[in-house]
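**Q** Below is a structure I'd like to ask you about.
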Amino acid sequence: MTTRIYFDNAATSFPKPEAVYEAVDNYGRNIGASAGRGAYSEAMESAEIIQRCRQLLAELLNADDPLSMIMTFNCTDGLSLAIKGIITDPDSHVITTCMDHNSVLRPLNALQERLGIDVTFVKADSEGMVDPLDIEKAIKSNTKLIAVVHGSNVCGSLQDVNAIGRIAKKHNIAYLVDAAQTVGHVPIDVKAMNVDMLAFPGHKALLGPLGTGALYIRPGFEGRLSTLKEGGTGSKSELATQPEFMPDRFESGSHNAIGIAGLCKGLEYVLERGIDNIASHDRLLCERFLEITDGVENLTVYGPRNLDCRLGVFSIRIAGFEPQELAAILEKEYGILTRPGLHCAPLAHKTIGTLDVNGTTRLSTGPFISINDIEYAGRTVVAIASLKSL
Ligand SMILES: Cc1ncc(COP(=O)(O)O)c(C=O)c1O
């Protein structure tokens with residue numbers, strides 16, 4: 001088997017644009033310095049790369065101020081800072097959803113255990129869609145945060161984050177969106193979303209290296225967020241306390257500048273190809289996969305059928321196969337790389353009815369998956385399902 005098609009873009013994207021590899025190589029060989037930690041030209045260049053990355057992020061997400069982008073090491077990092085930074089009072093209620101990832105659920109669980117906070121997990125329907133009105137109904141007098149995943153990493157369902165943002169604004173509740181699966185896949189406008197904090201990885205659809213990510217914090221909101229870590233920033237070194245200004249307030253320790261150099265090139269690729277273009281390519285891939293796999297005996301494809309409500313993240317099950325077994329067959333016999341199991345989102349699997357059967361086998365698309373690739377994957381799972389019915 002020589003074909004190997006990477007269908008695990010929901011975990012991290014692969015391959016990356018050539019320019020990403022070149023930028024990482026160039027940084028390692030020719031720049032090397034840590035941003036803000038030296039007065040020589042390499043250290044300045046490193047700082048400029050990080051600043052450029054913030055500018056590109058602000059352009060992509062329609063944010064006014066590049067300094068509202070806090071560089072993190074992944075999406076989980078940003079989510080933890082957002083959740084633990086805002087919830088410090090035991091008398092706090094948080095609303096999240098059953099579609100959310102452990103990177104939201106576990107920090108909330110930790111706060112339940114440590115502080116005794118109250119959390120509501122708003123249910124989704126069997127396609128993984130949350131009704132924004134159910135979020136509004138869950139609001140209590142002490143609700144301090146609404147934290148919602150934009151795109152499901154289990155079944156690809158897309159929540160109406162703008163409608164939820166209007167509810168959060170109306171009730172003056174802090175609003176956090178986990179955009180791990182959507183930044184770089186679909187257009188996002190932080191102003192239209194009314195979001196206070198948006199966490200996302202650099203290593204998924206933004207096509208940067210592992211070890212990159214960011215947290216957008218709405219200008220003016222940063223004062224409401226406590227720091228999660230304090231330390232060296234290369235600024236105001238005479239102070240015993242953390243600088244108050246952005247981004248230093250939340251960025252302690254050396255940056256992953258080599259990764260950020262790669263992320264800049266990933267972002268340039270996304271901006272040049274165009275986010276609308278990338279989103280319509282993804283939509284086409286979804287359409288073909290759903291068409292090919294529609295109504296096939298023994299095969300279940302989870303998530304919305306409506307293309308407006310989904311991403312190219314497909315959880316499937318074939319009767320008679322364990323998710324692990326199916327993933328192994330797909331890899332060994334067909335060169336299709338997938339991820340089996342619960343995908344760090346147990347409540348989402350409970351919602352679609354796959355928690356107690358070891359989850360699903362997940363195929364997830366990216367900008368370098370072609371129509372041929374998705375047709376091959378679709379026909380392969382159909383063929384495996386029909387063998388089973390012989
Ligand atoms: C919905 C969702 N949230 C958060 C994360 C965590 O992202 P990271 O691995 O960048 O920390 C993931 C990762 O798959 C995810 O799919």
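**Q** Counting just the residues of the stretch 77-106 that are without any contact (Cβ under 8 Å) to a residue 60 or more places away in the chain and farther than 23 Å from residue 132 by Cβ, which one comes out nearest to the ligand (Cβ to nearest atom)?
**A** 106
**Q** So which pairs qualify, if the first residue must be in the stretch 163-179 and more than 24 Å from residue 72 (Cα to Cα), the second must be assigned to a helix (DSSP H, G or I), the Cβ gap must be under 7 Å, and the two must be at least 6 apart or on different chains?
**A** Close Cβ pairs satisfying both conditions: 163/132; 164/132; 164/135; 167/132; 167/135; 167/136.
**Q** Moving on. Could you list, in sequence order, the residues of the stretch 201-220 that are assigned to a strand (DSSP E or B), over 22 Å from residue 25 (Cβ atoms) and either more than 16 Å from the ligand (Cβ to nearest atom) or out of contact with any Asp or Glu (no Cβ under 8 Å at 6 or more places or on another chain) (or both)? Step through it out loud before you land on a result.
**A** Within the stretch 201-220, the subset assigned to a strand (DSSP E or B) is 201, 213-217.
Subset that is over 22 Å from residue 25 (Cβ atoms): 214-217.
Across the stretch 201-220, the qualifying residues are 214, 216, 217.
**Q** Are any of the residues in the stretch 194-208 under 16 Å from the mean Cα position of the chain (by Cα) and surrounded by fewer than 24 Cβ atoms within 10 Å (Cβ to Cβ)? So that I can check it myself, show each step before the final result.
**A** Initial filter on the stretch 194-208 (under 16 Å from the mean Cα position of the chain (by Cα)): 195, 197-208.
The next check asks that each one be surrounded by fewer than 24 Cβ atoms within 10 Å (Cβ to Cβ); those that pass are none.
No; the residues of the stretch 194-208 include none that is under 16 Å from the mean Cα position of the chain (by Cα) and surrounded by fewer than 24 Cβ atoms within 10 Å (Cβ to Cβ).
**Q** Among the residues of the stretch 176-188, is there at least one that is away from the ligand (no atom under 16 Å from the Cβ) and open to solvent by less than 20 Å² (accessible area, probe 1.4 Å)?
**A** Step one: of the stretch 176-188, the residues away from the ligand (no atom under 16 Å from the Cβ) are 187.
With the extra rule that they be open to solvent by less than 20 Å² (accessible area, probe 1.4 Å), the set shrinks to none.
No, that holds for no residue.
**Q** Pick from the stretch 296-317 the residues that are under 17 Å from residue 380 (Cβ atoms) and out of contact with any strand residue (DSSP E or B) (no Cβ under 8 Å at 6 or more places or on another chain): which of them is surrounded by the fewest Cβ atoms within 10 Å (Cβ to Cβ)? Spell out how you get there, then give the answer.
**A** Pass one, the stretch 296-317, residues under 17 Å from residue 380 (Cβ atoms): 296-301, 312, 314-317.
Filter again for out of contact with any strand residue (DSSP E or B) (no Cβ under 8 Å at 6 or more places or on another chain), leaving 296-297.
On the way: 296: 17, 297: 11.
Among them, the one singled out is 297.
**Q** Among the residues of the stretch 159-170, are any within 15 Å of the ligand (Cβ to nearest atom) and either in a loop (DSSP other than H, G, I, E, B) or touching a Gly at 6+ places or on another chain (Cβ under 7 Å) (or both)?
**A** Taking the stretch 159-170 and keeping what is within 15 Å of the ligand (Cβ to nearest atom), we get 159, 161.
Right, trim to either in a loop (DSSP other than H, G, I, E, B) or touching a Gly at 6+ places or on another chain (Cβ under 7 Å) (or both) and you get 159.
Yes, the stretch 159-170 contains at least one residue that is within 15 Å of the ligand (Cβ to nearest atom) and either in a loop (DSSP other than H, G, I, E, B) or touching a Gly at 6+ places or on another chain (Cβ under 7 Å) (or both).
**Q** Go through 232, 223 for me and flag whichever is part of a loop (DSSP other than H, G, I, E, B) and open to solvent by 10 Å² or more (accessible area, probe 1.4 Å). Please lay out each step first, then the result.
**A** Details: 223 fails: part of a loop (DSSP other than H, G, I, E, B).
It is 232.
**Q** Which members of the stretch 61-72 meet the condition of being of a type in the set (A, V, I, L, M) and farther than 16 Å from residue 212 by Cα? Step through it out loud before you land on a result.
**A** Of the stretch 61-72, the ones of a type in the set (A, V, I, L, M) are 61, 63, 67, 69-71.
Within the stretch 61-72, 61, 63, 67 meet the criteria.
**Q** Every residue in the stretch 55-76 that is without any contact (Cβ under 8 Å) to a residue 12 or more places away in the chain and buried (at least 18 other Cβ atoms within 10 Å of the Cβ), please.
**A** Our first condition is that a residue be without any contact (Cβ under 8 Å) to a residue 12 or more places away in the chain; within the stretch 55-76, this holds for 55, 58.
The one that is without any contact (Cβ under 8 Å) to a residue 12 or more places away in the chain and buried (at least 18 other Cβ atoms within 10 Å of the Cβ): 58.
**Q** Would you check which residues across the stretch 10-54 are open to solvent by 10 Å² or more (accessible area, probe 1.4 Å) and within 16 Å of the ligand (Cβ to nearest atom) and list them?
**A** The answer is 11, 12, 14, 16.
**Q** Could you please give the count of residues in the stretch 141-156 that are away from the ligand (no atom under 11 Å from the Cβ) and touching an Asp or Glu at 6+ places or on another chain (Cβ under 6 Å)?
**A** 1
**Q** Please go through the stretch 349-389 and give me each residue that is in contact (Cβ under 8 Å) with a residue 60 or more places away in the chain, open to solvent by 20 Å² or more (accessible area, probe 1.4 Å) and hydroxyl-bearing (Ser, Thr, Tyr), ordered by number.
**A** Across the stretch 349-389, the qualifying residues are 351, 376, 386, 389.
**Q** Do you know which residues across the stretch 110-140 are within 16 Å of the ligand (Cβ to nearest atom) and part of a loop (DSSP other than H, G, I, E, B)?
**A** 124, 128, 129, 130
**Q** Still on this structure: Which condition does residue 118 not pass, out of (1) out of contact with any His (no Cβ under 7 Å at 6 or more places or on another chain); (2) within 22 Å of residue 228 (Cα to Cα), if it passes all the others?
**A** The one condition residue 118 does not meet is (1).
**Q** Given (1) within 21 Å of the chain's Cα centre (by Cα); (2) in a helix (DSSP H, G or I), where does residue 303 come up short, assuming only one miss?
**A** The single condition residue 303 does not satisfy is (2).
The values are calculated or read from the model by the stated rules, or taken from the named source; none is laboratory data. Keep in mind that what you see is a predicted model, and the values were worked out from it rather than measured. As a convention, Cβ positions derive from the backbone with ideal geometry for all residues, glycine included, and neighbour counts pool all protein chains shown. Just the protein is used for accessible areas: all its heavy atoms, side chains included, with ligands, DNA and RNA removed. Shrake-Rupley method; radii C 1.70, N 1.55, O 1.52, S 1.80 Å.
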